[in-house]
1. Scan segment 137-163 for residues that are outside any strand (DSSP E or B) and more than 17 Å from L111 (Cα to Cα) and report the count.
2. Within segment 284-298, is even one residue farther than 24 Å from S227 by Cβ, surrounded by fewer than 16 Cβ atoms within 10 Å (Cβ to Cβ) and among the aliphatic types (A, V, I, L, M)?
3. Count, please, the residues in segment 177-193 that happen to be in a strand (DSSP E or B) and out of contact with any Phe, Trp or Tyr (no Cβ under 9 Å at 6 or more places or on another chain).
4. Open to solvent by 20 Å² or more (accessible area, probe 1.4 Å), under 19 Å from A273 (Cβ atoms) and of a type in the set (G, A, S): which single residue out of A206, A219, A253 fits that description?
5. For residues that are modelled with pLDDT under 90 and assigned to a helix (DSSP H, G or I), tally how many sit in segment 96-134.
Amino acid sequence: MYTVRPLHSAEVLAEHLPTCMYRLPNLHRAPSAAAAQEEADPSLQALESRQEEILKRLYELKSAVDGLSKMIQTPDADFDVTNVIQTDEFSPLTTNGADLDLMLGKDYGALKDVVINANPSHPPLSLLVLHSLLCERYKVLSAVHTHSSVKSVPENLLKCFGEQTKKQPRHEYQLGFTLIWKDVPKPQMKFSIQTMCPIEGEGNIARFLFSLLGQKCSAVTSTLVDSWVDTALFQLREGSSKERAAVLRSMNAALGRGPWLVGSELSVADVVAWCALRQTGTANAAPTNVQKWMKSCENLAPFSSVMKLLK
């Protein structure tokens with residue numbers, strides 16, 4: 001190879017460098033005695049020994065914690081939560097319902113009005129069942145309207161609340177329930193038109209409406225109810241045939257342990273799951289426990305009233 005003229009002269013030594021920079025050993029020549037002395041600095045050796053001692057103590061603490069964890073019996077993370085529900089306290093639906101002022105806010109004497117937009121091509125049957133349940137707890141002023149975005153609505157959907165005759169002044173009702181048939185991708189609900197964003201999705205609206213009935217349960221039970229609601233909407237109603245079959249097997253197993261999907265009382269999970277089964281047309285092919293549960297639901301007036309819309 002050709003030689004290159006050096007860019008620095010041999011006279012440039014490290015001593016001529018600025019003193020504001022820290023020094024590094026010269027990699028181009030053999031280590032001197034001073035460099036060997038720096039490597040054997042006692043302060044560095046003390047720091048290394050201290051680090052080794054700390055690591056040793058941490059290892060001993062980890063071993064002690066591992067030993068304690070084997071001595072203490074903890075529940076398995078994969079345990080079946082449905083077994084816990086059988087002993088869980090599930091408060092029944094109260095005759096007085098929930099505190100509407102607390103749930104919907106105080107309106108200084110004005111009627112608390114829940115307004116729901118829904119597409120008539122995909123009627124939210126669970127919301128109609130919940131409307132009937134609310135009518136059993138409150139004095140509900142119900143109304144059905146048609147938005148200009150919808151050309152026509154079947155007669156049975158226009159009368160889904162039955163014949164509504166306003167027998168009392170508006171201020172004497174406890175709750176307003178207005179259903180507007182509108183061209184929307186998913187159901188939307190508002191109870192404060194001025195100050196809130198809409199609650200979207202049939203499952204979310206169903207959870208909220210059921211909470212107005214005043215039923216209270218533990219966090220574990222609420223989680224299981226939410227899981228059944230999502231399963232019914234996304235797998236039972238909108239899933240493939242394999243997903244539906246898997247959900248029906250899970251429902252059959254759960255209903256073999258009790259009369260309802262969660263606990264010993266009707267919950268929003270039962271309402272949404274029953275409506276999903278009826279809308280998909282798989283009710284006749286359901287297992288034995290599911291068939292028995294569906295008959296129990298249909299013996300209740302709120303479910304039987306919705307059955308008329310499916311005929």
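1. So the answer is 17.
2. no
3. 5
4. Just a single option satisfies the conditions, and that option is A253.
5. Summing the residues that are modelled with pLDDT under 90 and assigned to a helix (DSSP H, G or I) in segment 96-134 gives 5.
Condition check ((1) touching a residue at least 60 places away in the same chain (Cβ under 8 Å); (2) over 29 Å from S218 (Cβ atoms)) across all residues:
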{"position": "K242", "(1), (2)": "no, yes"}
{"position": "G258", "(1), (2)": "yes, no"}
{"position": "V272", "(1), (2)": "yes, no"}
{"position": "R278", "(1), (2)": "yes, yes"}
{"position": "N284", "(1), (2)": "no, yes"}
{"position": "K295", "(1), (2)": "no, no"}
{"position": "P302", "(1), (2)": "yes, no"}
{"position": "M307", "(1), (2)": "no, yes"}
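The values are calculated or read from the model by the stated rules, or taken from the named source; none is laboratory data. From a predicted model like this one, the values you see are computed outputs, not experimental measurements. Using ideal geometry, Cβ is built from the backbone for each residue, glycine included, and neighbour counts are taken over all protein chains shown. Ligands, DNA and RNA are stripped out before the accessible areas are found, and what is left, the full protein with its side chains, is counted by its heavy atoms. Shrake-Rupley method; radii C 1.70, N 1.55, O 1.52, S 1.80 Å.
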